[in-house]
Amino acid sequence: MDFGFIQKVFPMYVQAAALTLRLALIGIFLSLVLGLVCALIKYFKIPVLRSITSAYIELSRNTPLLIQLFFLYFAFPRMGIKLSSVQCAIIGLTFLGGSYMEETFRSALESVSKIQIESAQCIGLTPRQVMQYVILPQAVSVSIPGFCANVMFMIKETSVFSAVALADLMYIAKDLIGLYYKTEESLLLLCIAYFVLLLPISLIAAFAERRLRYAQFGR
């Protein structure tokens with residue numbers, strides 16, 4: 001193990017990790033918004049939009065992110081739409097993550113019993129008030145574990161960004177292996193980088209799940 005090499009290239013991994021995290025956070029935020037909109041469309045069974053949403057979810061969940069990135073990066077320019085590597089990464093991650101977020105939010109919304117909704121309507125709450133004070137607070141608490149799992153999944157999926165010439169963590173590792181043949185050192189730093197990025201989220205998810213279990217069952 002060449003620790004001198006590790007010390008030399010460590011700043012490159014820090015810079016790549018910052019780029020990876022920044023793109024992941026943007027993609028996660030946009031996928032959260034997209035997923036919530038799609039979940040509400042399916043929950044309220046809005047005509048036409050519900051069919052479009054279902055088609056989007058099936059397309060997104062049944063095609064790999066790598067193929068989606070290739071389509072954005074290589075096929076779109078042939079149709080006159082030129083996107084940068086960063087734009088392709090954000091759009092691809094949002095497109096993929098939105099469908100997973102939708103499933104999480106929709107199942108959380110449907111977990112609220114109809115009896116509570118009907119009871120709220122009986123005491124005179126408007127549909128907006130029912131959603132704001134009855135459905136959403138419970139749905140948010142139920143969706144936290146699934147949301148954290150989706151966040152971890154999306155961060156790990158950023159490893160394919162290197163396919164569109166984006167200098168993320170995977171790109172740096174492959175580049176260093178090709179230039180210096182330092183496979184063990186490069187992969188070790190890559191594993192450490194992703195571990196550092198994902199560990200806090202894993203701990204937060206475990207804490208949130210314990211709090212949710214305690215709130216529901218008192219243990």
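The values are calculated or read from the model by the stated rules, or taken from the named source; none is laboratory data. Computed from a predicted structure; not experimentally measured. Here the Cβ is made from the backbone with ideal geometry for all residues, glycine too, and neighbour counts use every protein chain on show.
Answer with yes or no whether Ile172 is buried (at least 21 other Cβ atoms within 10 Å of the Cβ) and under 23 Å from Gly4 (Cβ atoms).
Numbers: buried (at least 21 other Cβ atoms within 10 Å of the Cβ): yes; under 23 Å from Gly4 (Cβ atoms): yes.
For Ile172, the condition - buried (at least 21 other Cβ atoms within 10 Å of the Cβ) and under 23 Å from Gly4 (Cβ atoms) - is met.
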query = Which residue pairs have Cβ atoms under 9 Å apart, sit 6 or more places apart or on different chains, and have a first residue in region 106-135 that is within 18 Å of Cys38 (Cβ to Cβ) and a second that is exposed (fewer than 14 other Cβ atoms within 10 Å of the Cβ)?
reply = Ala108/Val140; Ile135/Gln116
task = Within region 52-79, work out how many residues are small (Gly, Ala, Ser) and surrounded by 11 or more Cβ atoms within 10 Å (Cβ to Cβ).
result = 2
inquiry  = Take the conditions of a type outside the set (Gly, Ala, Ser), closer than 30 Å to Arg210 by Cα and surrounded by 12 or more Cβ atoms within 10 Å (Cβ to Cβ) and apply them to Thr94. Does it pass?
reply    = yes
inquiry  = Can you tell me how many residues within region 172-201 are modelled with pLDDT under 85 and in a helix (DSSP H, G or I)?
reply    = 3
ask   = So Leu190 clears everything in (1) surrounded by 21 or more Cβ atoms within 10 Å (Cβ to Cβ); (2) under 21 Å from Pro64 (Cα atoms) except one condition, right? Which one?
value = (2)
key: Hits in region 111-120 (condition: outside any helix (DSSP H, G or I) and exposed (fewer than 15 other Cβ atoms within 10 Å of the Cβ))   = Ser111, Ser113
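Among the β-branched types (Val, Ile, Thr), farther than 20 Å from Ile201 by Cα, in contact with a Cys (Cβ under 6 Å, 6 or more places away or on another chain) and surrounded by 15 or more Cβ atoms within 10 Å (Cβ to Cβ): is that true of Val130 in this structure? First the steps, then the outcome.
Details: among the β-branched types (Val, Ile, Thr): yes; farther than 20 Å from Ile201 by Cα: yes; in contact with a Cys (Cβ under 6 Å, 6 or more places away or on another chain): no; surrounded by 15 or more Cβ atoms within 10 Å (Cβ to Cβ): yes.
The answer is no for Val130.
With without any contact (Cβ under 8 Å) to a residue 12 or more places away in the chain and either in contact with a helix residue (DSSP H, G or I) (Cβ under 7 Å, 6 or more places away or on another chain) or at positive phi (or both) as the only criterion, which of Leu96, Leu83, Leu25 stands out? Talk me through it step by step, then tell me what you get.
On the way: Leu96 fails: without any contact (Cβ under 8 Å) to a residue 12 or more places away in the chain; Leu25 fails: either in contact with a helix residue (DSSP H, G or I) (Cβ under 7 Å, 6 or more places away or on another chain) or at positive phi (or both).
On inspection, the qualifying residue turns out to be Leu83.
Can you name the helices (runs of 4 or more DSSP H) wholly within region 22-110 that have at least 3 residues being within 19 Å of Val142 (Cβ to Cβ) and at pLDDT 90 or above? Even if it seems obvious, please write down each step before you answer.
Details: elements: 49-61, 65-70, 85-110.
The qualifying helices (runs of 4 or more DSSP H) are 85-110.
Specify which of the listed residues (Met131, Met152) is under 18 Å from the mean Cα position of the chain (by Cα), at pLDDT 80 or above and in a helix (DSSP H, G or I). Quick ask: steps written out before the conclusion?
Values: Met131 fails: under 18 Å from the mean Cα position of the chain (by Cα).
The unique qualifying residue is Met152.
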